[in-house]
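Q: Got a structure here, written out as structure tokens. Questions coming.
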Amino acid sequence: MKIKRVGVVGAGIMGAGIVQVCAQSGYEVVVSEVNDELLQKGMGTVDHFLGRAVQKEKITAAQKDEITGRIQGTTDIKDFKDCDLIVEAIIENLDVKKELFKQLGDICPPHALLTSNTSSMTVTEMAAASGRMDKVAGLHFFNPVPVMRLVEIVTTIVTSNETVKALREFSESLGKTVVIAKDTPGFIVNRLLIPYLLHAIRLHESGLASIEDIDTAIELGLNHPMGPFRLLDILGNDTTLFIAENMFNEFKDDMYAAPVLLKRMVTAGILGRKSGKGFYGEGK
């Protein structure tokens, strides 16, 4: 199948990034939000980052206008009726996602592929709700979407080969590198990343070393671009806790059990850069 028109449900930081890369790659894009205020905020995010690209001379002002001209905002889910591919990028709540996939299954044309940008939730349950299980998969982008080159295509036990092929071709048309993962919590990246981040917190909690020294050890000893605590501040402690608890509930393995310090920080609203303070102060 030929994907020409893409729908993105949710215009938060991930949804806005997906909208941007799709429109920049020549696709017509419909993006939805639950109300006009959130929709305009999301459209503003896209405009802001495209404006920065103009300032850096990565695109021209005329190209920016062409890109934004391919984006249609809406608060009516029925506007996805002509889309060939939908990417869901809403709140990480499985019941809400399942209800959305049921609606999309009724609204979208029979050939349309339905995908979720979830970072850890079961795609199979969303697929079952859609009524078109063979045409559903995970399409997991990474933040910031315009910069990060990876996409995880997450397959259920009934995702068709044709669906995987179409999603691979689509992702590669965005300039992304594709990896294929089965539908288990965390997929590839988070399945490996979350235990690493949690163990770093435990090391600090136990008094082994300071936050700064752990980060320096990883950056210089393993040649990572940043240590675990700087990465946690970018990802968000609330996001990390949510993924960890979801994986622990599935596997019942202590490697996914959230440290007390992480839970206390989230309760106190110390979330990382999004709150102005995390393991480091703002901007570090």
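Read the figures in this text as sums done on the coordinates, not as results from a lab. This one's a predicted model, so the numbers in the text were calculated from it and none came from an experiment. Because the Cβ atoms are built from the backbone with ideal geometry, glycine has one as well, and the counts that use them run over all protein chains shown.
Q: Starting from the amide H of G272, placed 1.01 Å from N in the peptide plane, find each other amide H under 5 Å away whose residue is 5 or more places distant or on another chain.
A: Amide H neighbours of G272, under 5 Å, 5+ apart: N237, K277, G278.
Q: Now a separate question. Using the 10 angstrom Cβ neighbour count as an exposure proxy, how do K64, K135, K165 rank, fewest first?
A: Values: K64 16, K135 24, K165 11.
So the residues, fewest neighbours to most, are K165, K64, K135.
Q: Ok, one more. Can you give the angle from 0 to 90° between the axis of helix 211-221 and the longest principal axis of the chain, with both taken from C-alpha atoms, to the nearest 10?
A: Here the helix axis deviates by roughly 70 degrees.
Q: Rounded to whole Hz and in sequence order, give me ³J(HN,Hα) for the range 174-180 from the Karplus expression 6.51 cos²θ - 1.76 cosθ + 1.60, θ = phi - 60°, writing x for Gly and Pro.
A: So the Karplus estimates, Gly and Pro as x, are 8, x, 9, 9, 9, 10, 9 Hz.
Q: Along the range 78-86, what does the Karplus equation 6.51 cos²θ - 1.76 cosθ + 1.60 (θ = phi - 60°) give for ³J(HN,Hα), rounded to whole Hz, x for Gly and Pro?
A: Result, ordered by residue: 5, 6, 8, 5, 10, 7, 8, 8, 10 Hz.
Q: A further question follows. What is the set of long-range amide H partners of Q72 at a cut-off below 5 Å, with H atoms built 1.01 Å from backbone N?
A: V29, V30, V31
Q: Calculate, for A217 and Q63, the FRET efficiency according to 1/(1 + (r/R0)^6) with r their C-beta to C-beta distance and R0 45 Å; round to the nearest 0.05.
A: 0.55
Q: Quote the relative contact order of the range 5-182 in percent (integer), defining contacts as alpha-carbon pairs under 8 Å separated by 6+ residues. Numbers along the way, then the final one.
A: Details: 335 pairs, mean separation 36.4, N = 178.
That works out to 20 percent.
Q: Let me ask something else. What are the trypsin sites (Lys or Arg not before Pro) within the range 171-280 that DSSP puts in a loop, where the Cβ has at most 12 other Cβ atoms within 10 Å? Let's see the in-between values first.
A: On the way: sites: K176, K182, R191, R202, R230, K252, K263, R264, R273, K274, K277; in loops: K176, K252.
Here the sparse-neighbourhood loop sites are K252.
Q: Say the cut-off is 18 Å between C-alpha atoms; which of K182/K263; K41/K277; K41/K274; K41/K102; K81/K102 go over it? Mind dumping the intermediate values first?
A: Details: K182/K263 29 Å; K41/K277 23 Å; K41/K274 16 Å; K41/K102 27 Å; K81/K102 14 Å.
Over 18 Å Cα-Cα: K182/K263; K41/K277; K41/K102.
Q: What ranking do C83, C22 get, fewest neighbouring Cβ atoms within 10 angstrom at the top? Provide the component values of the computation, followed by the final result.
A: Values: C83 24, C22 27.
Least to most surrounded, the residues fall as C83, C22.
Q: Further question: Using the Karplus curve 6.51 cos²θ - 1.76 cosθ + 1.60 with θ = phi - 60°, what ³J(HN,Hα) values do you get for each residue of the range 52-58, in whole Hz, with x for Gly and Pro?
A: Values per residue, Gly and Pro as x: 5, 5, 5, 4, 8, 6, 7 Hz.
Q: In what sequence do V154, V6 fall when counting other Cβ within 10 Å, fewest first? Walk me through the intermediate numbers first.
A: Working: V154 28, V6 25.
With the fewest neighbours first, V154, V6 line up as V6, V154.
Q: Moving to a separate point now. If we count GluC sites (Glu not before Pro) as exposed when they sit in a DSSP loop and have at most 13 other beta carbons within 10 Å, what is the longest stretch of the chain that avoids them all? Numbers along the way, then the final one.
A: On the way: sites that count: E57, E282.
After excluding every exposed loop site, the longest remaining stretch is 58-281.
Q: Amide H to amide H under 5 Å from R132: which residues, 5+ apart in sequence or cross-chain, H placed 1.01 Å off N in plane?
A: The list, which skips near neighbours in sequence, is empty: none.
Q: Give me the number: length gained by fully extending R52 to S210, i.e. 0.36 nm times residue separation minus the C-alpha to C-alpha distance, one decimal in nm. Show your work: numbers first, answer last.
A: Values: separation 158, 0.36 × 158 = 56.88 nm, distance 3.64 nm.
Stretched out fully, the R52 to S210 stretch lengthens by 53.2 nm.
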